1. Report the residue count in the stretch 239-273 for those that are within 16 Å of ligand 1 (Cβ to nearest atom), of a type in the set (A, V, I, L, M, F, W, C) and either free of Cβ contacts under 8 Å to residues at least 12 places away in the same chain or part of a helix (DSSP H, G or I) (or both).
2. Against the definition (outside any helix (DSSP H, G or I), under 19 Å from the mean Cα position of the chain (by Cα) and farther than 16 Å from residue 137 by Cα), how does residue 45 come out, yes or no?
3. Out of the residues in the stretch 112-137 that are without any contact (Cβ under 8 Å) to a residue 12 or more places away in the chain and more than 15 Å from ligand 1 (Cβ to nearest atom), which is farthest from the chain's Cα centre (by Cα)?
4. Within the stretch 75-87, how many residues turn out to be touching a residue at least 60 places away in the same chain (Cβ under 8 Å) and either within 13 Å of ligand 1 (Cβ to nearest atom) or open to solvent by 30 Å² or more (accessible area, probe 1.4 Å) (or both)?
5. Kindly indicate whether residue 8 is away from ligand 2 (no atom under 15 Å from the Cβ), within 19 Å of residue 180 (Cβ to Cβ) and open to solvent by less than 10 Å² (accessible area, probe 1.4 Å).
6. How many residues, within the stretch 216-234, are surrounded by fewer than 21 Cβ atoms within 10 Å (Cβ to Cβ) and within 24 Å of the chain's Cα centre (by Cα)?
7. Of all residues in the stretch 1-42, which are without any contact (Cβ under 8 Å) to a residue 40 or more places away in the chain and among the charged types (D, E, K, R)?
8. Could you tell me whether the stretch 196-206 includes any residue that is touching a helix residue (DSSP H, G or I) at 6+ places or on another chain (Cβ under 9 Å), in a helix (DSSP H, G or I) and either over 15 Å from residue 271 (Cα atoms) or open to solvent by less than 10 Å² (accessible area, probe 1.4 Å) (or both)?
Amino acid sequence: MNKKKVLVVFGTRPEAIKMCPLVKELRTKTSIQTVICVTGQHREMLAQVMDAFQLKADYNLDIMKPRQTLSGITVDILTRIEKVVKIENPDLILVHGDTSTSFVAALAGFYARIPVGHVEAGLRTYNMQSPYPEEFNRQAVDLITEMYFAPTETAKDNLLREGKREERIFVTGNTVIDALKTTIRNDYKNENLEWADGSRLLLLTAHRRENLGDPMRGMFQAIKRIVQEFEDVKVIYPIHKNPAVREAAKGVIADIERIRMIEPLDVVDFHNFMSRSYLILTDSGGVQEEAPSLGKPVLVMRDTTERPEGVAAGTLKLVGTREDDIFRETRRLLTDEKEYQRMSKTENPYGDGHASERIVQAILEYLEEIF
Ligand code: UD1
Ligand code: UDP
């Protein structure tokens, strides 16, 4: 059999965390040549992941600009990726999730008439404004996808309801759990965790575009009130590189003794921080998938979630973005032991750590079938 070529495209931190385990699994197969193209939609935060997984990109489109706009990202990727697709002429293009990188890379595949495989397909809120622009991106990718790698049965059901062909949908689990299996270490040590020793550690992340401005200031205000009320609480906030996020945080929670704002952590550090925390507050997507495996309660500071499995498992609670609601629900988990225990169960709704193997098996069968 001739070697088949798979072009894997990603560009932001979460895509990289979820695609690197898959690239590693693809590279164990001698019948497949795997080429990595990163768009560089993120720069430092992407480099952190590549270093952690010890992978190098074959192509880096290097598009990141400070305060980039959605149009700018889209145009820059589309014009630069065309050349890569032409040179490599792959048999399959793999994209991940719901970012601008995913949408544009899939579009480039469609324009070149190359089949697209969508990892983490089928997540939905059916609300185009939330998360924005991700709900559009993932639905658009799924319009032109040939192979759907759905992490859960719920995601598969969404795809079936939309009329996608069942024989093209593969329920695989989420590759983020594959990553998580390699990062948690019992003997992990870090100066920031030593600082938090003896306190209840709240781990905070926030970055969503639709939360920039007032909603984000409200989140930070709620955290500030919590720290003022509970003397045994410390907060660690690895802050996203986005300058707009940094401005919002600086205005409210800079220079508070029991709140540490630190640079983004690499994935090994972040997973171990999660596993040592008491409670997580976030608007992130990926963190919602990791927390149930670690048995860590998460207050999701968003109005919608495309991850209902974690809510059903009891680990996630959707609290919205209003200051008073976030304050009340955080306070509740700090004072109501029964509620805290109820949310601290370890469950695995997002997979068993073998998603990459299932995806690669399906790809091998597909490539054999079409050639
Ligand atoms: C992007 C994705 C979002 C995903 C998030 C993960 C889109 C539209 N958004 O949002 O779906 O949840 O990544 O974090 O695809 N920056 C740096 N260095 C970095 C990364 C970002 O300086 O390593 C700064 C730049 O000024 C950049 C800004 O952050 O312009 C925003 O980055 P961008 O990728 O546009 O948006 P995110 O909010 O990161
Ligand atoms: N993460 C990380 N370092 C950090 C914060 C988060 O490695 O300082 C990881 C986290 O474990 C998860 C992913 O980044 O796997 C989530 O990325 P993000 O919140 O940026 O994006 P989203 O998942 O919302 O698209």
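The values are calculated or read from the model by the stated rules, or taken from the named source; none is laboratory data. The structure displayed is predicted, hence computed values, not measured ones. Don't worry about glycine lacking a Cβ; one is built from the backbone with ideal geometry, like all the others, and counts go over all protein chains shown. To get the accessible areas, we keep the full protein, side chains included, count just its heavy atoms, and leave off ligands, DNA and RNA. Shrake-Rupley method; radii C 1.70, N 1.55, O 1.52, S 1.80 Å.
1. 6
2. no
3. Top of the filtered list is 113.
4. Result for the stretch 75-87: 1.
5. No, not satisfied.
6. 1
7. Across the stretch 1-42, the qualifying residues are 3, 27.
8. Yes: the stretch 196-206 contains one or more residues that are touching a helix residue (DSSP H, G or I) at 6+ places or on another chain (Cβ under 9 Å), in a helix (DSSP H, G or I) and either over 15 Å from residue 271 (Cα atoms) or open to solvent by less than 10 Å² (accessible area, probe 1.4 Å) (or both).
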